[in-house]
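In what follows, a single structure is set out as structure tokens and then discussed.
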Amino acid sequence: MRTDITNINKQTPYTGLTEALEVYAGGTSVHFNTGDWRNNTPVYHADKCRQCLLCAPCCPDSSIPVTDGKRAGFDYDHCKGCGICAEVCPFDAMEMKAGNEV
Amino acid sequence: MSMNENTNQNTIVEAIPERMSGNEAVAYAIRQVNPDVMPAFPITPSTEIPQMVSTYISNGQLDTEFIPVESEHSAMSAAIGAEAAGARTMTATSSAGLALMWEELLLAASNRLPIALTLVNRTLSGPININCDHSDGMGARDTGWIQIYAENNQEAYDNYIQAFRIAEHKDVRLPIMICQDGFITSHAVQNLYLLPDEAVKDFVGTYEPEEYLLKPHQPMALGPYSETDYVMEAKKNQLDAMNRSRQVILDVADEFAQMSGRSYGFFEEYRTDDADYIMLLMGSAAGTAKDAVDELREAGIKAGVIKLRVFRPFPEKELAKALSGCKACAILDRCESYNGNSGVLGSEVTAGLYRAGVQIRTLNRIYGLGGRDFTVDSAKSVFEELTNWMDGGEEPLQNEYIGLRR
Ligand code: SF4
Ligand code: SF4
């Protein structure tokens, strides 16, 4: 039986887990808020951004969503604050600030 | 190492008399089962198994996908990948080859992948040696695999044919090791009865896992990182599956007996009904111990043998019951565990007896390391220690080596 794993959490008794902790779905990492770990937070300066879109594919956590060919802010639920995006931007449209506050 | 006592000619399916080595018998069983994938790397004394399987494939008698990997670490990794993808998968190894699989053995079990590994028991060096003892299998005792041991070629063949039904059962889904003694069983040619191809095919059936990675339109992830909050719950589920395998092992053995006329359980009891003195051991040496028992019975000594077949899960309650009527039991281990007290069987059987409140005397002995001969006289010397002890003599020293030069 394919258990809906979104119903499994840290209170679920052992009998309620899937065998071998199998995960019965695709793209389930979206349920896991890796943004909790963030020590540094990227800040977006829209006025400097030229929409070259170099940053979006460089993000290891797909945390720079692109809609209709344009990026906007960050997906802070999943951004881990690695700083790669700020490093690759040719126009200094992002900077990193300390802490995980948005 | 006599033929199975319980071989019965009036079986449902035809019994085909043959003579084969243990490796040949297992390779023949693999041809009959026709698994989907076999990744393997050669190591003495199991090398013949992948070699013979490759020959079957070259001759068009088998359509198994054989993967010639570069190490046993890769063999078990490939087996995990293939089994997770949904393919019935097996491999073969011995000794250091099993040791190199170690990390993956635990993953195969925790990922609940019913891989069948045929283990041809060889000592785990050092000193470097290619001959039989059980240190490879005993070393892997805590990896979460089911382990079944054979006394002779017939049992190695029969156990292999039962393996997939046990491992793949929906209540179990655990990997399984089918073990036989290196050289003594793997290379010695013995008479045995084979089953017809069709009978094996029907018995084993096709592999239809409920979930697997290549299931169309049903995405699944296997082996995710598990935080502290989930590890103990996952282990408990794994343990429950191992415990459920007890009934499955017995049920599959029953069905196998109906087909073949040859019966199996957790262990075999040989002349133990009224026995005062019992020798408990695993593998080919059990045949030698039975011959010793026959001679002792002639001389009026009530001796018997318990040959353990299923080592994991460990049948501690059943063993305690089977031993409860005797005065003393010699527990023989074919591996050293360096606790200074006993080998693995010595520790586990004694713990089972204590828990069950069975207060018989036990004597731990180590034998056959690195292929050292274990003869009828060796077995008789241990029984003599038991009888002297029970006749009022001093308690013999525990954990001694049989046949050690002094
Ligand atoms: S790399 Fe810089 S300029 Fe280019 S889209 Fe990203 S933020 Fe905008
Ligand atoms: S800081 Fe790292 S994780 Fe966050 S948006 Fe930039 S590249 Fe992605």
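Distance between Cα centroids, region B:212-283 to region B:104-160: provide it in whole Å.
14
Starting from the Cα of B:ARG271, step 7 Å along the direction of its Cβ; do the same at B:GLU295; then give the gap between the two resulting points in nm.
Here the answer is 1.1 nm between the modelled labels.
Under 5 Å between amide hydrogens, which residues at least 5 positions from B:SER125 or on another chain qualify, with H placed 1.01 Å from N in the peptide plane?
Amide H neighbours of B:SER125: B:ALA96.
Could you pull out every one of the lysines with an alpha carbon less than 28 Å from that of A:LYS48, ignoring same-chain neighbours closer than 8 positions?
A:LYS70, A:LYS80, A:LYS97
Considering only B:ASN339, B:ASN153, B:ASN131, give the residue with the highest GNM mean-square fluctuation for chain B, with springs between Cα atoms whenever their separation is below 10 Å.
B:ASN339
Using a 1.4 Å probe over the heavy atoms of the protein chains, calculate the carbon and sulfur portion of the accessible area of region B:285-406 as a whole percent.
Working: 2570 of 5610 Å².
Carbon and sulfur together cover 46 percent of it.
Do any trypsin sites (Lys or Arg not before Pro) in region A:5-102 lie in a DSSP loop with no more than 16 other beta carbon atoms within 10 Å, and if so, which? Kindly include the intermediate steps, with their values, before the conclusion.
Values: sites: A:LYS10, A:ARG38, A:LYS48, A:ARG50, A:LYS70, A:ARG71, A:LYS80, A:LYS97; in loops: A:LYS10, A:ARG38, A:LYS48, A:ARG50, A:LYS80.
Answer by residue number: A:LYS10, A:LYS48, A:ARG50.
Select from B:MET90, B:MET101, B:MET279 the residue whose mean-square fluctuation is largest in a Gaussian network model of chain B (Cα-Cα springs shorter than 10 Å).
B:MET101
Would you mind checking the tilt of helix B:72-85 against the longest principal axis of the Cα atoms of chain B, expressed as 0 to 90 degrees and rounded to 10?
Here the helix axis deviates by roughly 60 degrees.
What does the net charge come to around B:ILE402 if you take all other residues with beta carbon closer than 13 Å to its beta carbon, with K and R at +1 and D and E at -1?
Details: positive: B:ARG334, B:ARG365, B:ARG372, B:LYS380, B:ARG405, B:ARG406; negative: B:ASP133, B:ASP333, B:GLU336, B:ASP373, B:ASP377, B:GLU384, B:GLU385, B:GLU400.
Counting the neighbours of B:ILE402, the net charge comes to -2.
Do any GluC sites (Glu not before Pro) in region B:154-222 lie in a DSSP loop with no more than 12 other beta carbon atoms within 10 Å, and if so, which?
Counting only loop positions with at most 12 other Cβ atoms within 10 Å, the GluC sites (Glu not before Pro) in region B:154-222 are B:GLU210.
Would you calculate, for chain B, the mean residue ellipticity at 222 nm contributed by helices, counting each DSSP H stretch of 4 or more residues as -39,500 (n - 2.57) and dividing by all residues, to the nearest 500? Let's see the in-between values first.
On the way: 13 runs with 163 residues, N = 406.
So the helix-based figure for chain B works out to -12500 deg cm²/dmol.
Could you list which residues have their amide H under 5 Å from that of B:LEU363, counting only those 5 or more apart in sequence or on another chain, with H placed in the peptide plane?
When sequence neighbours closer than 5 places are left aside, the close amide H contacts are B:CYS329, B:ALA330, B:ILE331.
From the phi angles alone, apply the Karplus equation (6.51, -1.76, 1.60; θ = phi - 60°) to region B:281-286 and give each ³J(HN,Hα) in whole Hz, x where the residue is Gly or Pro.
So the Karplus estimates, Gly and Pro as x, are 7, 10, x, 4, 5, 4 Hz.
What are the ³J(HN,Hα) couplings of region B:41-55, residue after residue, when phi is run through the Karplus curve with 6.51, -1.76, 1.60 and θ = phi - 60°? Round to Hz, x for glycine and proline.
Those phi angles translate into 10, x, 8, 4, x, 9, 3, 4, 5, x, 5, 5, 4, 4, 5 Hz.
Would you kindly enumerate the cysteines in the protein assembly as shown that have no other Cys beta-carbon under 4.7 Å from their beta-carbon?
A:CYS49, A:CYS52, A:CYS58, A:CYS59, A:CYS79, A:CYS82, A:CYS89, B:CYS132, B:CYS179, B:CYS326, B:CYS329, B:CYS335
Charges only on Cβ, +1 for Lys and Arg, -1 for Asp and Glu: so what's the dipole of region B:267-401 about the Cα centre, in debye to the nearest 20? Kindly include the intermediate steps, with their values, before the conclusion.
Numbers: 16 positive and 22 negative charges, 106 e Å.
Here the size comes out at about 520 debye.
What are the lysines whose alpha-carbon lies under 30 Å from the alpha-carbon of B:LYS321, with same-chain residues fewer than 8 places away excluded?
Once the sequence-local lysines are set aside, what remains near B:LYS321 is B:LYS170, B:LYS235, B:LYS236, B:LYS290, B:LYS302, B:LYS307, B:LYS380.
Which value, in Å² rounded to 10, gives the accessible area of A:CYS82 with a 1.4 Å probe and all protein chains present?
About 80 Å², rounded to the nearest 10.
Based on the alpha-carbon gyration tensor of region B:319-406 and its eigenvalue square roots a ≥ b ≥ c, which shape applies: rounded if a/c is under 1.5, prolate if not and a/b is larger than b/c, or oblate? Can you show the working numbers first?
Details: a/c = 1.87, a/b = 1.29, b/c = 1.45.
It comes out oblate by the Cα gyration axes.
Quantify, in whole percent, the carbon and sulfur part of the accessible surface of region A:5-98 (1.4 Å probe; protein heavy atoms only). Don't skip to the end; give the middle numbers.
Working: 2830 of 5600 Å².
Carbon plus sulfur share of accessible area: 51 percent.
Could you provide, to the nearest whole Å², the per residue accessible area of region A:5-98 with probe 1.4 Å? Walk me through the numbers on the way to the answer.
Details: 5600 Å² over 94 residues.
Ligands and nucleic acids excluded, the result is 60 Å² per residue.
Give, as a single signed number, the net charge of other residues whose beta carbon lies under 13 Å from the beta carbon of B:SER74, with Lys and Arg counted +1 and Asp and Glu -1. Can you show the working numbers first?
Numbers: positive: none; negative: B:GLU70, B:GLU72, B:GLU103, B:GLU104.
For residues surrounding B:SER74, the net value is -4.
Helix B:22-33 against the longest principal axis of chain B: what's the angle in degrees, Cα atoms only, rounded to the nearest 10?
40
Would any residue of region A:1-43 have its amide N under 17 Å from a label point 7 Å out along Cα→Cβ of A:ASP77? List them or say none.
Counting backbone N atoms under 17 Å from the label point, the list is A:5-9, A:26-38.
The values are calculated or read from the model by the stated rules, or taken from the named source; none is laboratory data. It should be emphasised that the depicted structure is a prediction, and the values quoted were computed from it without experimental measurement. Note that we place each Cβ from the backbone using ideal geometry, even for glycine, and neighbour counts take in every protein chain shown. Ligands, DNA and RNA are excluded from the accessible area calculation, which covers all protein heavy atoms including side chains. Shrake-Rupley method; radii C 1.70, N 1.55, O 1.52, S 1.80 Å.
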